[in-house]
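These notes are about the structure you will find just below.
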Protein chains: 2
Amino acid sequence: MEPIRFETHPDRYKHWKLEFDGAVARLNMMVAEDGGLHDGYKLKLNSYDLGVDIELADAVERIRFEHPEVRAVLVTSLLDRIFCAGANIFMLGQSSHGFKVNFCKFTNETRLAIEDASENSGLKFLAALNGTCAGGGYELALACDEIYLVDDGNSAVSLPEVPLLGVLPGTGGLTRVTDKRKVRRDHADFFSTVADGIKGERAVKWGFVDGLYPNSKYEEVVGKRLQELAARSDRPGPEGGPGIALEPLEPRRDGDQTRYRYVTMSLDRARRIARVNVAAPESEQPTTPEAIREAGADFWVLRAFRELNDALLDLRINEGEIGTIVLTTGGDAEKVLAVDRILTQHADHWLVREIIHYIKRTLKRLDLTAKSIIALIEPGSCFAGTLFELALAADRSYMLDDPDKGPSVWLSSMNGGPLKMSNGLTRLETRFLADPGRVEKVLEHDGPFDPIEAEEAGLVTFAPDDIDWEDDVRLGLEERVALSPDALTGMEANLRFAGPETLETKIFGRLTAWQNWIFQRPNAVGEKGALKVYGNAGMRPEFDWRRT
Amino acid sequence: MEPIRFETHPDRYKHWKLEFDGAVARLNMMVAEDGGLHDGYKLKLNSYDLGVDIELADAVERIRFEHPEVRAVLVTSLLDRIFCAGANIFMLGQSSHGFKVNFCKFTNETRLAIEDASENSGLKFLAALNGTCAGGGYELALACDEIYLVDDGNSAVSLPEVPLLGVLPGTGGLTRVTDKRKVRRDHADFFSTVADGIKGERAVKWGFVDGLYPNSKYEEVVGKRLQELAARSDRPGPEGGPGIALEPLEPRRDGDQTRYRYVTMSLDRARRIARVNVAAPESEQPTTPEAIREAGADFWVLRAFRELNDALLDLRINEGEIGTIVLTTGGDAEKVLAVDRILTQHADHWLVREIIHYIKRTLKRLDLTAKSIIALIEPGSCFAGTLFELALAADRSYMLDDPDKGPSVWLSSMNGGPLKMSNGLTRLETRFLADPGRVEKVLEHDGPFDPIEAEEAGLVTFAPDDIDWEDDVRLGLEERVALSPDALTGMEANLRFAGPETLETKIFGRLTAWQNWIFQRPNAVGEKGALKVYGNAGMRPEFDWRRT
């Protein structure tokens, strides 16, 4: 099967029309029925597959980086009386378990990116539901700040997954209904079991939407509200100057090697290991927001993390059998630390802010990747500041304690706050839950940590000497890749997110795990399962009634 | 298959020896190899099945109610150099999916009950690991306040589920390692992937145990620490007077009817519905702690909730096909509210405290039961105070709006704090997350709520009038019982626990869901799955390496 690529551009969108009008952008959904990623299903009624969501994710990123003048985004549909029918069921029915799970993971990340843009970039989203809004369609609306529903006596919002398909809404619907919109649990229960959903005043009263509008007053209600949302935004507006273009990454792919400019990835298929290296910049990097803007997508840290993001998505969707990522870095730590200082100093500038949150989201993508992550810290490596987050994101790290040319690791202010995990804590805070005072202590440390210092400070897992190094690393990897891939996925999903829970960790930890379970069950995917028989006229699902 | 019963008594224990010595109780594990609930496996090396855990749960309850003089509990083993090998793997291998899941749910509730006794009843638990302590054995230790490990150069603590069995530790192990003991995630990762576990000083340094003792200093270290823990307890001691005996419930079972004294349960197998009714007391109830002690296990609220607890466990383990519980109540609300007043007034008395926490745990058991819960509030019903929690625990409630003989519901101070859910909130707080002010408002309401008031206050889901009642309820139930049982289980596990997460909700929401997923996967339970081939000499698991 052809690998799926995640880079796209508005010029090539098949499913979305992106329009700009001053402070407002309009994201119009008009899914091309025959434009699916695979044959075998038609994307009717604005239903979507991964390709549709890749464009949506791209659009949201481009609004953030390329259009600083935009302060409010309208999400609506160009189809008559149809907003969005949700994920395409026939696509799900023919997909492998692993694909379904990774499809949901990506769509969840896209919706969380919308909420991240609202919370952290002053970009407010309004969903105008011009008609049928079901399942993933309503979940997309739930990711927006406000939801308005056409009041035509017919259009409803619904989560019909349980009654129609025997699965859960897979994109955070249940969690956002109870935890974001705080709908009462009995109302949520009723709503989630009626295939037709809820419309009109009841939808407003119970909190599923924020308001209704008659078709004739669309511009009046929605247009006015968009202007109000725009007025509350802290985005720079036109005087913020032009944005930067997210240029294509153009990786060179050669067999099992992928070479980006700063990231290289090579697959060891026999051992099911991907080796991913991130290189520090070689040239001097810009030191002012204006210079960063001029550098644009060539600015090292933005480019490096866009490359890492692309590599991670490639591994998840196209390389299911790869079970372990070995992370390394290389280059001049001082250059990375210099970039960190500039990011910190200008964190309030809109573009720098976007870059920081982009790094944050990419690191979260790493945390949520269902592969074991091992960081190797060797001479010549560059685990400094922002790049040290890679070692903190790893399940384990090994640092070679070579007294002559021993590597160092460095912390910076970027490890102290801006790059929070899904649980709302930094990776250092999560690591030192037992002793929060250690966070400040290691951040106050001046200069590099040598291997012994790093191990004593708790920054790395093991620091074997040069006699043990090769055996320790080899054995560690050999043992890891021999373990059950399912047990590792479940174990890592539990161990990586200690401490507080958020809407985000609930979606990935609780909702996703239940959905994965249901996605395996004969009641959903068996020959007579609800997901399998959906749409086959005359066939009804047959259930094994035992409750577990 | 013979139904499994949950009532037992120390006189009948096969697997534990319970000893009392002043302020200290000793819970000695010595599992009878041939004493398993089913044939086909031997409970070697203090491995356990559900029968072993039923005795443990019983022992903890009896220490709380029958032995107020006990302030510290030692959990240890009478086998030489073996503490506990965890859940019996051959038992798991031959169990159905539903049984495995409900087995883990019960063992989790038992360990949480140990923690509840520590947090709320001043009963401190010390685990003395006299030898091998693996998997569920270490998870039992993790539920204790402190863990001491024998330092014999050999004995280790371990969670070998991932490396040996391809499943997760199923009794909260991963969650307690990261969130209770706050072990660093990379240490936890290493620990959870090495079958032999960790011993000696490293186990202490990394936080897996609290201390070591050589065999020769067992009494010195453990005995001394038990006395210290006992000294810090707020339990009454000998002057608290005798405890009360938890007498057998002796339900009368007749076909699909089970009659306890206050609880009746009848199964409608055709529709897969259990109708459970809880009756208010008919006689006057005691009004002082001394009178409550004299009434003992006959005190209405204790007896009624012990009966409900037993009925719920029966439904879970023995009645898998029952998908829905219809909850009703009956009797004199004033008698229930009078009991609530006495419980509130004497909440500090050790016995009243135990009764309140018992009610709390039983209601949590209801929240965690994987069956739909519908409350019907009709004339003659008695949803008052503590019994109104049953309606609040329901996924939906229907209240008949009959203007002539319309039922009422009542709140009491018992709805305002003591009966917290697993998420740390009361059911009213969880219900009104969107508008926390409503909690206080409904609690301040004087007297009964009629159906219109109850619906407007948000206390019930629907209040149909007598013309609609029959159709609404019938249709609601018909539609519910037709839905996919798996999708309902996942949906309810998400919708019932809005708001904050706790160690407890993490165990049931996150860990359990991942474990259920893994328990279905061929890599665990297929012909060549790790759980299936374990113990078959010469057979090694064969994995499908795709990561999801």
dims of region B:425-548, Cα set, principal axes, largest to smallest, nearest Å -> 71, 35, 24
Here the longest stretch of chain B that holds no trypsin sites (Lys or Arg not before Pro) in a DSSP loop having at most 12 other beta carbon atoms within 10 Å is B:1-268
Are there GluC sites (Glu not before Pro) in region A:499-533 that DSSP marks as loop and that have at most 10 other Cβ atoms within 10 Å, and which are they? A:Glu527
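Could you please report the charge total around B:Leu428, scoring K, R as +1 and D, E as -1 over all other residues with beta-carbon less than 15 angstrom from its beta-carbon?
Working: positive: A:Lys182, A:Arg184, A:Arg185, B:Lys360, B:Lys420, B:Arg427, B:Arg431, B:Arg438, B:Lys441, B:Arg496; negative: A:Asp186, B:Asp340, B:Asp367, B:Glu389, B:Glu429, B:Asp435, B:Glu440, B:Glu444.
Net local charge, B:Leu428 excluded: +2.
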Determine how many Å³ per residue the convex hull of the Cα atoms of region A:258-415 encloses. 106
So which GluC sites (Glu not before Pro) in region A:203-284 end up in coil per DSSP with only 11 or fewer other C-beta atoms within 10 Å? A:Glu282, A:Glu284
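Could you tell me which of rounded, prolate or oblate describes region B:64-135, using a ≥ b ≥ c as the square roots of the eigenvalues of the alpha-carbon gyration tensor, with rounded for a/c under 1.5 and, failing that, prolate when a/b is larger than b/c and oblate otherwise?
Details: a/c = 3.05, a/b = 1.39, b/c = 2.20.
It is oblate, given that a/c is not under 1.5 and a/b is not larger than b/c.
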Potential lengthening between A:Ala245 and A:Glu19 on full extension [0.36 nm per residue; Cα-Cα distance subtracted]: 79.7 nm
Taking the alpha-carbon distance from B:Lys217 and a cut-off under 19 Å, which aspartates and glutamates remain once sequence neighbours fewer than 8 residues away in the same chain are dropped? B:Asp80, B:Glu146, B:Asp151, B:Asp152, B:Glu201, B:Glu228
What number, in nm² with one decimal, is the all-direction average of the projected area of the convex hull of the alpha-carbon atoms of the protein assembly as shown? 43.0
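If you rank A:Ser216, B:Ser233 by fewest surrounding Cβ atoms within 10 Å, what's the result? Walk me through the numbers on the way to the answer.
Values: A:Ser216 7, B:Ser233 17.
Ascending number of Cβ neighbours within 10 Å: A:Ser216, B:Ser233.
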Distances in nm, one decimal, shortest first, from A:Gly255 to the same residue in every other copy, taking the label point 7 angstrom along Cα→Cβ. 7.5
What's the local net charge at A:His445, with K and R +1, D and E -1, over the other residues with C-beta under 13 Å away? -4
Most positive-pole-ward Cα, A:Pro251, A:Pro68, A:Pro541, against dipole of chain A from beta carbon charges: A:Pro541
Using a 7 Å offset from the Cα along the Cα-to-Cβ direction at both A:Glu479 and B:Arg253, what is the distance between the two label points in nm, to one decimal? 4.7
Points 7 angstrom from Cα along the Cβ direction at B:Asn154 and A:His97: gap in nanometres? 4.0
List, shortest first and in nm to one decimal, how far the label point of A:Glu456 (7 Å from Cα along Cα→Cβ) is from its counterparts in the other copies. 7.1
Tell me the Kirkwood hydrodynamic radius of chain A in angstroms, computed as one over the mean inverse distance between distinct C-alpha pairs. 24.5
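If Lys and Arg each add +1 and Asp and Glu each add -1, what is the summed charge of the other residues whose beta carbon sits under 13 Å from the beta carbon of B:Glu250? List each step's numbers first, then the result.
Numbers: positive: B:Arg5, B:Arg252, B:Arg253, B:Arg259, B:Arg261, B:Arg303, B:Arg306; negative: B:Glu7, B:Glu247, B:Asp298, B:Glu307, B:Asp310.
Once all neighbours under 13 Å are counted, the net charge is +2.
Restricting to region B:247-495, what percent of DSSP beta bridges are antiparallel, rounded to 5? Could the numbers behind the result be given before it?
Details: 13 of 31 bridges.
Taking every DSSP beta bridge within region B:247-495, about 40 percent pair in antiparallel fashion.
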Over region B:10-231, one equal point on each Cα, no solvent: what is log10 I(q)/I(0) by the Debye formula at q = 0.07, 0.13, 0.16 Å⁻¹? -0.19, -0.70, -1.10
List the distances, in nm to one decimal, from the label point of B:Asp468 to the label points of the same position in every other copy, shortest first, placing each label point 7 Å from Cα along the Cα-to-Cβ direction. 7.1
Fewest-first ordering of B:Ile452, B:Ile54, A:Ile467, A:Ile4 by Cβ atoms within 10 Å yields A:Ile467, B:Ile452, A:Ile4, B:Ile54
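As a test, work out the antiparallel percent of DSSP beta bridges whose residues both lie in chain A, rounded to the nearest 5.
Numbers: 21 of 63 bridges.
Antiparallel: roughly 35 percent of the beta bridges in chain A.
Quick one: work out the % antiparallel among DSSP beta bridges in the protein assembly as shown, nearest 5.
Values: 42 of 125 bridges.
So the antiparallel bridges in the protein assembly as shown amount to around 35 percent.
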Lysines whose Cα lies under 21 Å from that of B:Lys532, excluding same-chain neighbours fewer than 8 positions away: B:Lys42, B:Lys44, B:Lys100
Computed label-point distance, nm, for sites B:Ala32 and A:Ala195 using a 7 Å Cα→Cβ extension: 5.4
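Taken together, the values in this text are just the output of simple stated rules run on the coordinates, not laboratory data. Keep in mind that what you see is a predicted model, and the values were worked out from it rather than measured. A quick note on method: Cβ atoms are made from the backbone with ideal geometry, for glycine too, and the neighbour counts reach across all protein chains shown.
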